[in-house]
């Protein structure tokens, strides 16, 4: 076999063997949407049609597609060394990458544990939280609290603290001792709000009731997404995150922010914690860390949590956890090249520059048929459509699919259309995306 084999980006002869993730497989394979290449703001499908990327791939290609710097870094590294273990061994890149990451992280989050995905980052954070309390002698702190409509990946830890019904109901072996805060979606009071909603900060006080019910001495951590992306861009009400921080700090409970979606510039700062002025104890990330080029995640941990493990004989493993590919050299090379792009091009804060234009464009769809809410912050937004009688989710899916054939890729969660274009977007790309979406919504019955 030739060593320079290139696999063609063309229609496969058969689509039977691949069981696709989070996909209605039978429906999809009747009219497949197959992407063949990507550059800048656009995909090209196998038929040569150009498709504007309105979702940064899957919330991950923040610097756009086809970045040669990342490809070259990956190519150089994989030729130099394809893999090296980080169990009782090491190589330079994850150490260098971790130092670079803490430079952009909220103050005090100076330790980084590498994973390979958002799901692994969440499970890692939950294990750190439980082990931290045990290391401090608070072994009764085993209860975890998530939130309704939260998405924290697909590991058993993540689906246990997550609050999206379809991700949970088929899997009975979830973690015991998990409770959920109420979600913050309030169409009655906050529909068509521009930016963060005014109403709902008091929902954080539900945590106080859970503390009264379970006892603070039994609660290890609270995990929330600052912005719930997969549930359809559900935003935190003004003051809500601050209130969660106050309550958790007062009761010795760890606060975990799942920033797999919001991390690396999506809301106009490197992390949502910085944009909204709330520093948690742990932050989970992935996706934008490598611009989607190579799977990788990173968990940011406070010095206090890390240091609680660093006791006892120094020849003992402090935390019995990790993955074969934690700190993978090729992924680390991709991440370092990605950080160079973010910082050189000012992408970690560019969403704030585009925010007003993006907001105005989105809200221009407010008078379109069946639009019942529009939500936005940074460079992320959602158009919430009314459900068809007896067929929830079908209108959203039809809009999503037709947008693709009209030349724009968006996401749908039920009847919510979510968008998160790459941070390199220009105003003309926003105009194109909103024009296509508006035209498709107008025709959807």
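The values are calculated or read from the model by the stated rules, or taken from the named source; none is laboratory data. This structure is a prediction, so every number in the text was calculated from the model and none was measured. Glycine gets a Cβ as well: all are built from the backbone with ideal geometry, and neighbour counts include every protein chain shown.
Odds and ends about this structure:
Each row is one residue, and each column tells you yes or no for (1) touching a helix residue (DSSP H, G or I) at 6+ places or on another chain (Cβ under 8 Å); (2) in the same structural domain as residue 290 (by TED's automatic domain parsing); (3) surrounded by fewer than 19 Cβ atoms within 10 Å (Cβ to Cβ).
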| position | (1), (2), (3) |
| --- | --- |
| 79 | no, yes, yes |
| 87 | no, yes, yes |
| 94 | yes, yes, no |
| 105 | no, yes, no |
| 113 | yes, yes, no |
| 119 | yes, yes, no |
| 140 | yes, yes, yes |
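- Failed condition for residue 384, given (1) under 30 Å from residue 416 (Cα atoms); (2) in a helix (DSSP H, G or I): (2)
- Only one of the listed residues (396, 414, 378, 366) is closer than 19 Å to residue 190 by Cβ and surrounded by 22 or more Cβ atoms within 10 Å (Cβ to Cβ). That residue is 378.
- Condition check for residue 300: surrounded by 22 or more Cβ atoms within 10 Å (Cβ to Cβ), within 30 Å of residue 72 (Cβ to Cβ), in contact with a helix residue (DSSP H, G or I) (Cβ under 8 Å, 6 or more places away or on another chain) and assigned by TED's automatic domain parsing to the domain that holds residue 128: yes
- The stretch 43-74: number of residues that are in a helix (DSSP H, G or I) and touching a helix residue (DSSP H, G or I) at 6+ places or on another chain (Cβ under 9 Å): 10
- In the stretch 199-217, the count of residues that are touching a residue at least 24 places away in the same chain (Cβ under 8 Å), assigned by TED's automatic domain parsing to the domain that holds residue 313 and assigned to a loop (DSSP other than H, G, I, E, B) is one or more.
- Among residues of the stretch 12-36 being more than 23 Å from the chain's Cα centre (by Cα) and outside any loop (DSSP other than H, G, I, E, B), the one that is farthest from residue 430 (Cα to Cα) is 26.
- If you check 321, 328, 306 for being in contact with a strand residue (DSSP E or B) (Cβ under 6 Å, 6 or more places away or on another chain) and either surrounded by fewer than 20 Cβ atoms within 10 Å (Cβ to Cβ) or within 21 Å of residue 91 (Cβ to Cβ) (or both), only one passes: 306.
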